[in-house]
């Protein structure tokens, strides 16, 4: 049997599929493995390039396979790159593994950085916090709707629900029935519970940002706070998988979508690809920076202020916020990939 040099591994809950080829691309094996047999199987193989789709548990298996004494090189691939190769044939585990093996060997393939356990834990805090915030928002909207049916209105906003709801169901002068007071008090208890969980995980994230050196460097950038810094660190690590800041901004979906043909360039809105959570945080932070740039003439150098004013005058404040988020993403890449410190006087130096 020829020596295997490249393997595509299709991971699942119980059964895995491994497709191996030699240096000429000829198939050596296409084998179905039980979960318990995966590590022993790869431990007995010669050093190879292993490709996995960046899906559930992929980062765990990438770390485990990389730590084997065989010296395997593990690469994670976006499922979007694998899908076209799967569509050529019928979809099954064997064809999935073969497609992964094909894509991982292509020179143009861009790989996903393997997350550490610390990054995965930090990412989990963000996800739990976001879920609790969504639950709290949905609960606040339901409370306002139920009160509206009873002839009582509460202004829009979480703070208004938090402040006014206890006084409403405790006020005996309004027309609420005993049943309404009962379910409103239960909904308020649920609202407080969601509030507490969101606050707890947010405090954990902020505490991590204060102690992590990478996050502390990122938070020096205008518009980047603890949530943005930790989200970026948890998702991309040192960002060395990106060629430059432009590639990082494009990965986050902050660059225009292009639909050009016949030598005619046509640019549309931003692609909105990549991590929507990080993109949202960057744009919201950019809105705040743009607002201060428009109000204060001495905010972080004159060059930045002139640039923001020019974008606002030509395209409006919303597009200016997205453009500023794009620029912030490029600065973040420079700090991560090169290990640099943020220089607020950079605009003045290059002007």
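Between residue 167 and residue 182, the simple spin-label model (points 7 angstrom out along Cα→Cβ) gives 2.7 nm. Could you calculate the FRET efficiency of residue 158 with residue 127 from 1/(1 + (r/R0)^6), where r is the beta carbon distance between them and R0 is 25 Å, rounded to 0.05? According to the calculation, E is roughly 0.80.
Pairs of alpha carbons in region 117-211 separated by more than 24 Å make up 33% of all such pairs. Residues considered: 230, 211, 255. Largest GNM mean-square fluctuation over the chain, using C-alpha springs under 10 Å, is found at 211. Among 331, 278, sorting on how many other beta-carbon atoms sit within 10 Å of each Cβ, with the fewest leading, yields 331, 278. Ranked for footprinting exposure by Cβ neighbours inside 10 Å, fewest first, 21, 88 give 88, 21. Taking the DSSP beta bridges with both ends in the chain, the antiparallel portion is around 65 percent. Testing the spin-label approximation: label points 7 Å from Cα along Cα→Cβ at residue 210 and residue 26. State their distance in nm. Using points 7 Å along Cα→Cβ, the separation is 6.3 nm.
Ordered by the number of other Cβ atoms lying within 10 Å of each residue's own Cβ, fewest first, 133, 240 fall into the sequence 240, 133.
If I stretch the segment between residue 44 and residue 310 completely, what's the gain in nm (0.36 nm per residue apart, minus their alpha carbon distance), one decimal? My answer for the length gained is 89.6 nm. Only helices enter this figure: runs of n ≥ 4 DSSP H residues, each worth -39500 (n - 2.57), summed and divided by the residues of the chain, yield -18500 deg cm²/dmol at 222 nm to the nearest 500.
Note on residue 12 and residue 106: with the Förster distance fixed at 22 Å, the Cβ-Cβ geometry gives a FRET efficiency of about 0.40. Considering only alpha-carbon pairs that sit under 8 angstrom and 6 or more positions apart, the relative contact order computed for region 117-211 is 45 percent.
With R₀ set to 35 Å, the beta-carbon distance separating residue 66 from residue 134 gives a calculated FRET efficiency near 0.50.
Rg of the Cα atoms in the chain, relative to 2.2 N^0.38 Å, amounts to 1.26. Computed from Cα atoms, the angle from the helix 302-315 axis to the main principal axis of the chain rounds to 80 degrees.
Coordinate-derived values only; no laboratory data. Bear in mind the structure is a predicted one, so any value in this text is a computation, not a measurement. For neighbour counting, all protein chains shown are included, and Cβ atoms are generated from backbone atoms with ideal geometry for every residue, glycine included.
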